[in-house]
1. Going through 263, 270 one at a time, which residue ends up being among the basic types (Lys, Arg), assigned to a strand (DSSP E or B) and over 14 Å from residue 186 (Cβ atoms)?
2. Test each condition in (1) over 13 Å from the mean Cα position of the chain (by Cα); (2) buried (at least 16 other Cβ atoms within 10 Å of the Cβ); (3) more than 24 Å from residue 656 (Cβ to Cβ) for residue 682 and report the one that comes out false.
3. For segment 611-654, how many residues meet the condition of being in contact (Cβ under 8 Å) with a residue 24 or more places away in the chain and aromatic (Phe, Trp, Tyr)?
4. Condition check: in a strand (DSSP E or B) and farther than 26 Å from residue 335 by Cα. Does residue 212 satisfy that?
5. Among what's in segment 202-225 and is in contact with a Leu (Cβ under 8 Å, 6 or more places away or on another chain) and among the aliphatic types (A, V, I, L, M), pick the residue that is modelled with the lowest pLDDT.
6. Could you tell me which residue of segment 620-676 is surrounded by the most Cβ atoms within 10 Å (Cβ to Cβ), considering only residues that are over 53 Å from the mean Cα position of the chain (by Cα) and not in a helix (DSSP H, G or I)?
7. Can you find a residue in segment 594-604 that is in a helix (DSSP H, G or I) and closer than 16 Å to residue 484 by Cα?
8. Condition check: surrounded by fewer than 11 Cβ atoms within 10 Å (Cβ to Cβ), of a type outside the set (Lys, Arg) and either in contact with a Phe, Trp or Tyr (Cβ under 9 Å, 6 or more places away or on another chain) or not in a helix (DSSP H, G or I) (or both). Does residue 491 satisfy that?
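The values are calculated or read from the model by the stated rules, or taken from the named source; none is laboratory data. Keep in mind that what you see is a predicted model, and the values were worked out from it rather than measured. Virtual Cβ from ideal backbone geometry, glycine too; neighbours counted across all protein chains shown.
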Amino acid sequence: MAASQRSELGASNVRLFKDRAARWGVTFGGGLVLIALLLIFFYLLYVVEPIFRGVEIERQQSFAIPGQGQTLAMGMEEQSEIGFRFSDKGDLTFFALKTKPGTDWQPGEVLLSERVAEQPTAFASTQPQKKRYAYAVANGQVRIIEPKFRSKFTAGQRLTTPYVDFGNDGELIQVDPQQRTLTQLAYEYDGDSSLFAAVTADNTVIVNYAMATKSFLTGAVELESKFTELPLTGEVDNILVQPNLSQVFVRQGNRFYVFDVSRTGKVTERQLLNIERRRYGEITSMQLLAGASSVMFGHANGLVTQWFEVAGENGRQYQYIREFKAGDDAIVDIVAEYYRRTFYTVSENGQVGVFHTTSEADLYLEHPDKLRADRVVIDPRANTLLMQSGGELHTFNLENEHPEVSWSGIWQEVWYEGYPEPQYVWQSTSGSDDFEPKFSLVPISFGTIKAAAYAMLFAVPIGLAAAVYTAYFMSPSVRKVVKPTVEIMEALPTVILGFLAGLWLAPIIENYLPGIVATIILVPSAIILVAFLSSRLPKTWRNKFTDGRAALILLPVVALVSWFAFEMSPFIERVLFDGNVRQFITNELGITFDQRNSLVVGIAMGFAVIPTIFSIAEDAVFSVPNHLSNGSLALGATTWQTLTKVVLLTASPGIFSAVMMGLGRAVGETMIVLMATGNTPIMDWNIFEGMRTLSANIAVEMPESEVGSSHYRILFLAAFVLFVFTFAFNTLAELVRQRLREKYSSM
């Protein structure tokens with residue numbers, strides 16, 4: 001007896017240990033899942049956070065201004081090791097910006113100084129990336145100068161040496177044939193051709209288009225000048241030339257003239273803007289932004305306004321776009337970065353401002369290191385700022401990695417250069433350095449919702465109807481075959497579904513669109529008709545199919561009706577749509593039709609989502625206790641009444657969970673959307689157009705993005721948004737499921 005009690009006690013202890021081990025194991029596993037989700041969440045935040053940091057400017061070196069005379073322009077080479085300075089004496093001076101291993105350079109030490117022009121009367125520079133400068137000298141002539149740098153490696157150390165190169169083989173260019181003194185000068189070049197705009201001593205504005213022509217006999221390149229005097233009188237404040245040599249800008253006070261320059265050198269006035277003093281203030285400076293599509297005006301009240309061409313009734317015209325507040329003092333200088341739409345302002349009180357036009361971001365507005373700025377310049381990589389203050393030059397380390405990203409730029413409409421109005425646009429890359437990145441997440445978030453909506457529109461009715469019929473009406477023998485078969489569909493790789501949708505289904509839908517529509521209408525109608533006719537059959541016949549196998553009769557009916565609809569498709573297309581339904585939709589209805597469209601995605605993704613919805617919903621319906629349905633039937637309710645009033649209400653928490661799980665699967669789907677649509681980030685509910693989703697966008701663009709770049713971090717932000725979408729859907733599903741369970745648990 002005692003041995004039996006000890007045996008039972010030992011068995012009880014073993015079971016107790018197993019129960020505790022299982023409980024702790026499940027708890028530990030669940031905790032690891034939560035920790036993994038939190039780690040993903042915080043890692044995404046860690047990668048995304050730098051794009052919202054502000055500008056940091058930290059002083060590095062200070063030294064006396066090298067050379068003599070007043071500074072006309074400054075610059076730096078790409079590594080920010082050597083700077084150069086043009087003076088009003090005609091000197092070009094190269095100097096060290098920092099100490100360098102392997103050399104005895106000291107900051108401010110003159111490395112090379114050369115007189116490049118004698119008694120200059122005017123000075124001009126091209127856009128920063130072209131790195132050319134021009135001095136006007138006596139008799140209306142101009143000399144072109146290029147500061148250049150030569151690098152070589154010695155004993156593993158890179159040594160950069162500066163030298164001076166001259167354009168036009170060092171020959172002077174006769175800009176004014178009348179040999180008048182030039183007091184203002186603007187210059188740009190494009191390959192071998194050049195465009196000069198200048199103001200003479202008598203306030204005459206001239207334009208000289210030096211076109212490069214190649215001799216047919218000798219092959220030598222010669223410059224053929226086309227000279228024009230502009231019909232302007234009065235004093236000119238600013239004059240600029242577009243880098244593509246297509247336009248000349250002249251400012252007289254608040255009057256802004258735009259002149260078109262044709263490829264033949266003909267100059268015509270396009271537009272005259274009278275910029276309101278009362279609204280914007282007196283103009284004190286003017287500069288072209290990177291890309292030369294936007295003109296930036298600095299005003300006496302500290303305002304900076306952006307203007308660019310917008311298509312309208314009178315063609316493309318410059319108009320006001322946006323403004324930035326750079327303090328309360330007059331803007332004396334505007335400096336544009338080489339490639340980004342970031343610009344820097346210098347106010348009359350020496351304050352420096354940093355702004356970005358596309359993101360409409362005010363990034364910085366201070367006196368760097370409490371110094372008064374007279375002039376600033378940015379290196380090509382935009383990580384070093386060189387500032388002149390009094391008789392000294394100061395170099396600053398510039399941290400401004402992601403100026404083009406702001407919360408408003410991501411989620412609000414932005415007016416991009418060349419666009420007729422503010423829009424939501426995703427366009428992250430281009431083949432041009434002048435490209436303006438467009439990082440709106442709205443189109444791809446919309447595409448995610450659109451793809452999921454059309455997939456659920458296809459999957460929910462079929463999945464739920466199949467689940468209810470299988471669980472409640474189908475015979476056990478048939479259910480044992482149908483349920484595993486549908487669930488096995490979930491294991492089908494989505495890349496195969498996407499491949500079939502893009503290369504097989506999309507052409508079928510395009511060629512048999514009337515048949516597809518007819519199938520959607522005729523198949524349900526045929527099922528209802530067969531059900532109606534079967535209800536009129538003799539009772540002895542109907543009793544033979546009361547075990548749930550009646551649906552098997554519908555299989556040949558569905559197949560036959562579908563075949564009939566597709567066979568009639570060419571006839572319907574010929575009779576109703578003049579033989580081409582796609583052309584009818586495009587031309588007559590004005591609806592864009594793409595072969596890989598939302599209809600293809602809805603069917604293919606719906607096919608992938610159906611097994612998820614079916615499996616969970618079928619389990620929920622099948623798990624309803626039999627005594628509830630039997631009690632309802634015993635009280636005289638019909639089978640349909642029992643289903644709608646008892647079974648579905650009791651199973652509603654599980655059914656809702658099935659729908660939300662299917663929605664979560666559709667939102668996160670990648671390969672089907674990637675392969676079955678054109679991946680165009682547009683915002684249109686048109687079922688015949690495609691879309692681009694968050695997941696597909698990440699899959700397409702992540703391999704080509706530079707690690708640490710704004711594009712790279714924005715893609716992680718898109719992943720974070722997708723994570724939030726999925727989390728929100730699952731949380732909502734759980735809350736509703738709990739409410740439904742509490743409401744119907746008493747049944």
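1. On the way: 263 fails: assigned to a strand (DSSP E or B).
Exactly one residue qualifies, and that residue is 270.
2. With (1) over 13 Å from the mean Cα position of the chain (by Cα); (2) buried (at least 16 other Cβ atoms within 10 Å of the Cβ); (3) more than 24 Å from residue 656 (Cβ to Cβ) applied to residue 682, the lone miss is (1).
3. Result for segment 611-654: 2.
4. Yes.
5. 212
6. Looking at residues that are over 53 Å from the mean Cα position of the chain (by Cα) and not in a helix (DSSP H, G or I), I get 637.
7. At the first step, the residues of segment 594-604 found to be in a helix (DSSP H, G or I) are 598-604.
Pick out the ones that are also closer than 16 Å to residue 484 by Cα and you get none.
No, that holds for no residue.
8. Numbers: surrounded by fewer than 11 Cβ atoms within 10 Å (Cβ to Cβ): yes; of a type outside the set (Lys, Arg): yes; either in contact with a Phe, Trp or Tyr (Cβ under 9 Å, 6 or more places away or on another chain) or not in a helix (DSSP H, G or I) (or both): yes.
So residue 491 fits the description; yes.
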